[in-house]
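For reference, the structure discussed in these notes is given below.
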Amino acid sequence: QVQLVESGGGLVQAGGSLRLSCAASRSIFSISGPGWYRQAPGKQREWVAGMTSGGSANYADSVKGRFTISRNNAGNTLYLQTNSLRPEDTAVYYCYGWGSWGQGTQVTVSS
């Protein structure tokens, strides 16, 4: 079991940016296929972005061209750079890796 701790959420105006971080208790992001998910109130959790162990990234259509998933060289931190944020991006964002979930960090985009 690995512990994941997220940070970086907050309140931002439409068109703004946030960088979300997920710190792992072990350096697992280079050997697993981690990802980011989000869940809005009353809605199903949805996949946002994923990364293979080789570093290849994939994105949901709703965030393509705006969000970027990355990891640090040590493999113990996963990032989600969120640009050109829209009110519909408002959700709790969760990181996933090695079979574990983070606690979530709130992103609120105001219009």
Taking the residues in region 87-110 that are under 13 Å from residue 45 (Cα atoms) and among the aromatic types (Phe, Trp, Tyr) as candidates, determine which candidate is surrounded by the most Cβ atoms within 10 Å (Cβ to Cβ).
93
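Scan region 21-37 and tell me whether some residue there is assigned to a strand (DSSP E or B), at pLDDT 95 or above and over 19 Å from residue 105 (Cβ atoms). Walk me through how you get there before you give the answer.
Just the residues of region 21-37 that are assigned to a strand (DSSP E or B), to begin with: 21-24, 35-37.
Retained after the next criterion (residues that are at pLDDT 95 or above): 21-24, 35-37.
From the residues that got through so far, the ones that are over 19 Å from residue 105 (Cβ atoms) too are none.
No, that holds for no residue.
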Cβ pairs under 8 Å, 6+ apart, first in region 43-54 and of a type in the set (A, V, I, L, M, F, W, C), second open to solvent by 70 Å² or more (accessible area, probe 1.4 Å)
49/58; 51/58
Condition broken by residue 12, with the remaining ones in (1) β-branched (Val, Ile, Thr); (2) assigned to a loop (DSSP other than H, G, I, E, B); (3) more than 14 Å from the chain's Cα centre (by Cα) satisfied
(2)
Filtering region 55-68 for residues that are exposed (fewer than 15 other Cβ atoms within 10 Å of the Cβ) and either in a loop (DSSP other than H, G, I, E, B) or in contact (Cβ under 8 Å) with a residue 24 or more places away in the chain (or both) leaves a count of 6
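How many of the residues making up region 69-83 are surrounded by 14 or more Cβ atoms within 10 Å (Cβ to Cβ) and either farther than 17 Å from residue 6 by Cα or under 13 Å from the mean Cα position of the chain (by Cα) (or both)?
Taking region 69-83 as the starting set, the residues that turn out to be surrounded by 14 or more Cβ atoms within 10 Å (Cβ to Cβ) are 69-72, 75-83.
Of the ones still in play, those that are also either farther than 17 Å from residue 6 by Cα or under 13 Å from the mean Cα position of the chain (by Cα) (or both) are 69-71, 77-83.
Total satisfying the criteria: 10.
The values are calculated or read from the model by the stated rules, or taken from the named source; none is laboratory data. Quick caveat: nothing in here was measured; it's all calculated off a predicted structure. FYI the Cβ positions are ideal-geometry reconstructions off the backbone, even for glycines, and counts take in every protein chain you see. For accessibility, only protein heavy atoms count, side chains too; no ligands or nucleic acids. Shrake-Rupley method; radii C 1.70, N 1.55, O 1.52, S 1.80 Å.
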